[in-house]
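This report concerns only the one structure given below.
The values are calculated or read from the model by the stated rules, or taken from the named source; none is laboratory data. Keep in mind the model is a prediction, meaning the values are calculated, not measured. Cβ: placed from backbone, ideal geometry, glycine included. Neighbour counts: every protein chain shown.
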Amino acid sequence: MPEGGTDRRAVIAGAAVFAGAVVASAIWARLEQGTGGTGEGFDPGFAGVLPSLGDGPPFRLTVAEVDITPGHGVSMIGYGYKPRLSNGRCARRLRAQCAVLRDPDGRVLVLVRVDAGALAYDVYRSIVDTLVAEGIVAAASDFMINISHTHSGPALGMHPDPRVLTQLPDEGIGGVQATAEAFKNKVIDLVRAAHRAPGEPVLLAHAVGRAEVGMLRWVQGLSGPTELPVLIARNADNGKLEAVIYSYPCHPVCRGNDTVFDADFCGVASTVISAELKAPALFLQGTGGNVDPVGQGGGEARVHLVGQALAEAVVKTVRDTRFGRIKGGLDAAIDEVALPFAPDLSNADAVAQLRRRYQERIIQLQAGPTKDGAARRHAELMVALIDAGRLPRGVEMTTQVWRLGELRIVGMAHEVVNAYTGYVRRLAESDDVWVLGYTNHVECYLPSDAGLTSGGYAAGWNEESGRYFPGVAGSVMGYGWPAPLRSTLDAKPGAPGVEEMVLQRLERLLRIG
């Protein structure tokens, strides 16, 4: 830019940020003042509100749930960097909810959504492998589990690593494994019970409403996504609403950093929706890796305000929006790949250099319940993995597509940033696509390539560390990985950056049906 000149792009970007800041602050002010209830005893009044969904062969649907709240003294994840064991209290119970859907030709898809912060890949694989072995689903593609990402939930694996995030001693690992095993068994038993039930004949319809409860992280005050996909299941015989499934991308962090289990705002929202619409409500987490709820601070007030606002948006959508009938059968496809790190950890010289840097960090930083102490602990763990010859060379990534008639639901593992929603819709050349993050397993962030190349918390590196080494208090450190993921800066022919790898696979999966 010439000296003394004006960069038009900067002016536009600045105006957008300013407008977003106004919107985000105005939304929070409106929530604090109260937006008006959804109405006590609200009856959707299907004859007048929803369109006639018409005749045709119905699907069959079973919805079931189970309480998965652990007890006292359980390792929690979501915040750092001090010890965090549950105190035995629960503000809102943690639930696993299951929807078993059968089409007229007998194809079965099983959806589970859970109130949890993250889920290890090996726990997911154990669940899906059991369900396939028992014949409950025909293949891994036919099972999907979505994680709410509440920051007031238990550790269900070692990524994020509670030894780094919450100073968990090595002797506490057995407790984490026991919690994950109990979770796995409850989910499998829930699916078994739901699958045994004959289900209700239902007609399915979907619409997109509007919710204003999110703001972009790391960009001060900029308002977040507003799209609110909603799917309803209406009994084909008597018109009764059997289920409401809705999705919004946003971190459930309203409660804040304490030792109380809490489903957070999405737990409030589903409870209110169920009470108002007299049907089970299932929340699915979207691409909320870089989206926080509006407002500041933590506690009951913020949990309730955001949850109530989201519930009102869902109920308004059911009342006022014209739904499109889902016609046709079910189909599914899935793909797995290991996302590579920026340094090539199959190269002995790269590993040796990585070890030297971790050893330097151990010498430089003091142990203790601080960011620096967590970085030192992470470095010690990485050196131990290197010396044992067990250093991972990538992070498992699952991508999945379900087709319900013309509607496609895309599930992506990990903390996916919101930019991927736009990427996927351009690939699909359609707006009839739900894009979910936090699906099947959550063990790292999935930034856009722009995010990976510029660094920051989600990318896991900063200017001081450089792009081959985790920054202190970045996501790579907290999740317990040895290095940031590969961007286009380190891509080679036949070895693209992780964004391109993921989108290539989704492009193939979107062709199903």
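Within region 185-226, take every residue that is free of Cβ contacts under 8 Å to residues at least 40 places away in the same chain and not basic (Lys, Arg) and give me the one that is nearest to Thr130 (Cα to Cα).
Asn185
Pick from Ala450, Ala459: which is part of a loop (DSSP other than H, G, I, E, B) and of a type in the set (Gly, Ala, Ser)?
That would be Ala459, the only listed residue that is part of a loop (DSSP other than H, G, I, E, B) and of a type in the set (Gly, Ala, Ser).
Filter region 61-83 for residues that are among the charged types (D, E, K, R) and either touching a Pro at 6+ places or on another chain (Cβ under 6 Å) or buried (at least 22 other Cβ atoms within 10 Å of the Cβ) (or both) and give the result.
Lys82
Here's the yes/no breakdown for (1) at pLDDT 60 or above; (2) farther than 30 Å from Asp161 by Cα; (3) out of contact with any Cys (no Cβ under 6 Å at 6 or more places or on another chain); (4) not small (Gly, Ala, Ser):
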{"site": "Thr38", "(1), (2), (3), (4)": "no, yes, yes, yes"}
{"site": "Leu61", "(1), (2), (3), (4)": "yes, yes, yes, yes"}
{"site": "Leu94", "(1), (2), (3), (4)": "yes, no, yes, yes"}
{"site": "Cys98", "(1), (2), (3), (4)": "yes, no, yes, yes"}
{"site": "Gly106", "(1), (2), (3), (4)": "yes, yes, yes, no"}
{"site": "Arg113", "(1), (2), (3), (4)": "yes, no, yes, yes"}
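I want to confirm something. Restricting to region 417-430 and keeping residues that are of a type outside the set (Val, Ile, Thr), over 27 Å from Asp161 (Cα atoms) and touching a strand residue (DSSP E or B) at 6+ places or on another chain (Cβ under 8 Å), which single residue is surrounded by the fewest Cβ atoms within 10 Å (Cβ to Cβ)?
The extreme case among them is Ser430.
Residue-by-condition table, conditions (1) buried (at least 19 other Cβ atoms within 10 Å of the Cβ); (2) of a type outside the set (Lys, Arg); (3) farther than 29 Å from Arg319 by Cα; (4) out of contact with any His (no Cβ under 7 Å at 6 or more places or on another chain):
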site: Arg163; (1), (2), (3), (4): yes, no, yes, yes
site: Val176; (1), (2), (3), (4): yes, yes, yes, yes
site: Phe183; (1), (2), (3), (4): yes, yes, yes, yes
site: Ala197; (1), (2), (3), (4): no, yes, yes, yes
site: Ala207; (1), (2), (3), (4): no, yes, no, yes
site: Gly224; (1), (2), (3), (4): yes, yes, no, yes
site: Gly239; (1), (2), (3), (4): no, yes, no, yes
site: Tyr246; (1), (2), (3), (4): yes, yes, no, yes
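Being at pLDDT 95 or above, among the acidic types (Asp, Glu) and out of contact with any helix residue (DSSP H, G or I) (no Cβ under 6 Å at 6 or more places or on another chain) narrows it down to one residue among Asp490, Asp432; which is it?
Asp490
Applying the selection to region 222-266, what residues are part of a loop (DSSP other than H, G, I, E, B), among the basic types (Lys, Arg) and more than 25 Å from Arg84 (Cβ to Cβ)?
The one that is part of a loop (DSSP other than H, G, I, E, B), among the basic types (Lys, Arg) and more than 25 Å from Arg84 (Cβ to Cβ): Lys240.
Considering only region 443-459, I want to know if a residue exists there that is crowded, with 22+ Cβ neighbours inside 10 Å, farther than 18 Å from Trp218 by Cβ and under 21 Å from the mean Cα position of the chain (by Cα).
Among the residues of region 443-459, at least one is crowded, with 22+ Cβ neighbours inside 10 Å, farther than 18 Å from Trp218 by Cβ and under 21 Å from the mean Cα position of the chain (by Cα), which makes the answer yes.
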